[in-house]
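Trainee: Let me begin by handing over the structure; questions about it come next.
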Amino acid sequence: MVKPVSRREFLNLLAAAGGAGAVVKAGAALGIMPAEAAASTLDLAAGNGRSAVILGGGISGLATAYELGKAGWDCTVLEASHRCGGRIFTVRHGTLIDELGNRQYCEFDDEPHMYFNAGAARIPNTHRTLLGYCKKLGVELEIFINENKTCWVQDDAMLGGKPVRNIEYTTHLRGFVAEMMAKAMHETDMDEPFTEEEAGTLLGMIRSFGDLSEDDVYRGSLNAGFDSGGFLNQGAQKDIIAFRDLLKTPFAMRLLSTNEGETGPILLQPRGGMDQITEGFLRQVGDRVSYRAMVASIQVRDDGVEVAYDQDGARRQIRADYCFNCIPTHLVTGLDHNFPADYVRALKHVLRGEAYKAAFQAKERFWEKQDIYGGISWMNNRSQQIWYPVAGIHRRKGVILAAYDYGGGMYHTRMTQQERVEAHLADGEKVHANYRDLVEKPATVGWHRMNHMLGCSARWRRSFREGWTGETEQHYRTLQAPVNGRHYMIGDQISMRSAWMESALLSAHWAMADLDRRLRNAPA
Amino acid sequence: MIRLALICLLCIPSLASAAEREPFDDRYCTTCHGTDGRGNEGVQAPRLAGMEPWYLKRQLENYRDGIRGAHPDDIEGLAMQPMASGLTDESIQDIIEWVGGWNYVPAEHTISGDLDAGRTLYQPCATCHGADAEGNEALGAPALAGQNDWYMVTQLRNFLAGYRGVHPQDVYGAQMRAMTTGLNGENDINNVVAYINSLSD
Ligand SMILES: Cc1cc2nc3c(=O)[nH]c(=O)nc-3n(C[C@H](O)[C@H](O)[C@H](O)COP(=O)(O)OP(=O)(O)OC[C@H]3O[C@@H](n4cnc5c(N)ncnc54)[C@H](O)[C@@H]3O)c2cc1C
């Protein structure tokens, strides 16, 4: 008879099996350790006529203008581009895509559901600060569908390149894996540390995970979808795809986890495009923004910050008590400034990401004829993903994402527009026959070449494996701290989790709270 | 600037709605090359301020015509090439005038090395680029003094590796490539660049 495990022992067991992360999460679930903090909110002291100049109209800059403005500060936002939002970029009818060397005007039909979020596209339900702003600013949200198992999985190396439904692929994968796990449980003393009851539950979990037969063998599953029938007639099960065939594609290593972590449910998006968030802020602080105002010089003084910027062919000056700066670090290094040496070293440490996205207008919503409503098809080729829109279900046309390369975007970025489009057509037609005839009006965005951005997201870590080294964290703390108490770098670049709007907001909140604390503590 | 914006608008495929469209122009060099073209190490874009108009013109034309920046391993050149591919003769002229108006700030030194070794290595370079690395228009050799040292290192590497100066129409590049064969590895490159740095101290 196995002795029951205590709650503490159970945690230790998990730690042995899954590393410390498992303990932290399970601990929170059992109510031992504190859960994450609530949405970050600010309670700033009255501005008393103080002024701030905000460099860059990214979401962190706009949130700073909004918060300080509410507290009575005099704020000015200098934005180099013709638009605010930076990496929040919704492309729709007539939008200028200011990619240097490949400028485009978007030719999509002029309809509210015909848009493409070329930058940020997903809001995880745990990004409370961002969601809080959406609520406050009246930004209407809808559910974003990331994982849709009716979408396709395609790999030239699997089944002669024939696309299969994600649900088929993953159901079989789970079945075979569960069969192995069940066998292992019978054959070894895997159930040793558990009571009989717990071992029974575990085996039951494995069986239902893989939809195994009574004898713990996987013989296919109706979860993979019916071959025929199912409503008025008996449903016929689809043939199994051999385990070997499933293993022909690296998707075996990825597809069971696309719906986990930060891209797990529930995800949200603003109705009508991510730039509705920018618009929400601009409804509050739009009159504080100066466009096509490109910062050229930042001089931090003892009593304030002097900023020079180019606008309408002239160099202009502005002086403010404090400065908040969300200009990408790799562009700040090219400005005239008087920052201290360690600050400059830290600025130079940060590398830039290379993301690339493309979209097509579809002449008809061909995916809906295949029962697909939202979600992602995965292709093991350079275009990688096709996203189907939630917006405009059952209308005639829609905009689909035709390629998304987050890590190695230079492959497409280095192509001409014609080459990019041809590459996406050739990749996409492996999933959707007639793709070529069904789509038109491409829009492509190589973030490495977008004017005033020249990158996707800050890369602090030199290698994924190495993670955050002490040296890297030192640079990070250097950039987080203000220069002379007057100049704060902000944005998701000043966080340990770049590439999220939430991080950009939290970084701005950190800077404002830090300044507020110092002002409150200062001798009157 | 306004004239240029209009020229660009005329190149847009659909003219009918051009009037309501967001305008753009070809004066975007400072996004990469920094304030007044001072050079930006953050994106590996070199100093343009103070660059000789004839040299700037030649390079912009070479980039535009695919004579420079076409080699698949010339990473920085590949970044620049599409920036120039759409430029007209007029916009190149406009850029040269624009660059000519910038304040020249000598580049910050980021590299050190053995100056004596560098001086010896520099002797053949001096024939074209001048004893003070001041450049020589008649020979088509640009000034080196005051240029970003990290940029010179990249270019020397590129010449040596055959990433630059191999296009059949790149006559000056081929000359330069032949000259770099006297450099033996990273140490030599560092030392000669450190010496060039010392000329603008
Ligand atoms: C492809 C892609 C996908 C993403 N997906 C998601 C997602 O799904 N969910 C999510 O939450 N986040 C996502 N992100 C990240 C998110 O977009 C960013 O974290 C956030 O928008 C960054 O905001 P920011 O305030 O740091 O400023 P940025 O957006 O970086 O804005 C910087 C601003 O500075 C301006 N600027 C630059 N130079 C100058 C100058 N010299 N003078 C004045 N202004 C200047 C720029 O024009 C720009 O407006 C994605 C990003 C990309 C690129």
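Trainee: Inside the stretch A:483-502, can you point out the residues that are within 15 Å of the ligand (Cβ to nearest atom) and of a type in the set (A, V, I, L, M)?
Mentor: A:489, A:490, A:494, A:496, A:499, A:501
Trainee: Counting only residues that are touching a Lys or Arg at 6+ places or on another chain (Cβ under 9 Å) and either in the same structural domain as residue B:135 (by TED's automatic domain parsing) or touching a residue at least 60 places away in the same chain (Cβ under 8 Å) (or both), how many does the stretch B:59-75 have?
Mentor: The total comes to 4.
Trainee: Examine the stretch A:120-128 for a residue that is charged (D, E, K, R), under 30 Å from residue A:513 (Cβ atoms) and touching a residue at least 40 places away in the same chain (Cβ under 8 Å), and state whether such a residue exists. Outline the logic, then answer.
Mentor: Start the filter on the stretch A:120-128 by keeping residues that are charged (D, E, K, R), which leaves A:122, A:128.
If we keep only those that are under 30 Å from residue A:513 (Cβ atoms) as well, we get A:122, A:128.
Right, trim to touching a residue at least 40 places away in the same chain (Cβ under 8 Å) and you get A:122, A:128.
Yes, there is a match, as at least one residue in the stretch A:120-128 is charged (D, E, K, R), under 30 Å from residue A:513 (Cβ atoms) and touching a residue at least 40 places away in the same chain (Cβ under 8 Å).
Trainee: Still on this model: Quick one: how many residues across the stretch A:190-216 are closer than 12 Å to residue A:175 by Cα and in contact with a helix residue (DSSP H, G or I) (Cβ under 6 Å, 6 or more places away or on another chain)?
Mentor: Residues flagged as closer than 12 Å to residue A:175 by Cα and in contact with a helix residue (DSSP H, G or I) (Cβ under 6 Å, 6 or more places away or on another chain) within the stretch A:190-216 amount to 6.
Trainee: Here's another thing I want to ask about it. If you check residue A:505 against the conditions, is it near the ligand (Cβ under 9 Å from one of its atoms) and surrounded by 15 or more Cβ atoms within 10 Å (Cβ to Cβ)?
Mentor: When the stated conditions are applied, residue A:505 passes them.
Trainee: Within the group A:301, A:219, A:292, which residue is basic (Lys, Arg), within 14 Å of the ligand (Cβ to nearest atom) and in contact (Cβ under 8 Å) with a residue 12 or more places away in the chain? Working first, answer last.
Mentor: Details: A:301 fails: within 14 Å of the ligand (Cβ to nearest atom); A:219 fails: within 14 Å of the ligand (Cβ to nearest atom).
Step by step, each of A:301, A:219, A:292 is checked, and only A:292 is basic (Lys, Arg), within 14 Å of the ligand (Cβ to nearest atom) and in contact (Cβ under 8 Å) with a residue 12 or more places away in the chain.
Trainee: Which condition number does residue A:480 fail, the rest of (1) within 13 Å of the ligand (Cβ to nearest atom); (2) touching a residue at least 24 places away in the same chain (Cβ under 8 Å) being met?
Mentor: Failing condition for residue A:480: (1).
Trainee: In this structure, does residue A:86 turn out to be away from chain B (no Cβ under 13 Å) and outside any helix (DSSP H, G or I)?
Mentor: Yes: the conditions hold for residue A:86.
Trainee: Look through B:132, B:170, B:116 and report the one residue that is over 25 Å from residue A:345 (Cβ atoms), crowded, with 17+ Cβ neighbours inside 10 Å and charged (D, E, K, R).
Mentor: Checking each option against the conditions leaves just B:170.
Trainee: Continuing with this model, one more query. Looking at (1) within 16 Å of the ligand (Cβ to nearest atom); (2) buried (at least 19 other Cβ atoms within 10 Å of the Cβ); (3) in a helix (DSSP H, G or I), can you tell me which one residue A:510 breaks?
Mentor: The single condition residue A:510 does not satisfy is (2).
Trainee: Show me the helices (runs of 4 or more DSSP H) entirely contained within the stretch A:118-215 in which 3 or more residues are within 16 Å of the ligand (Cβ to nearest atom).
Mentor: The helices (runs of 4 or more DSSP H) meeting that bar are A:128-136.
Trainee: Taking the residues in the stretch A:338-351 that are crowded, with 21+ Cβ neighbours inside 10 Å and within 11 Å of chain B (Cβ to nearest Cβ) as candidates, determine which candidate is farthest from residue A:107 (Cα to Cα).
Mentor: It comes out as A:347.
The values are calculated or read from the model by the stated rules, or taken from the named source; none is laboratory data. Fair warning: this is a prediction, and the values are worked out from it, not measured in the lab. Using ideal geometry, Cβ is built from the backbone for each residue, glycine included, and neighbour counts are taken over all protein chains shown.
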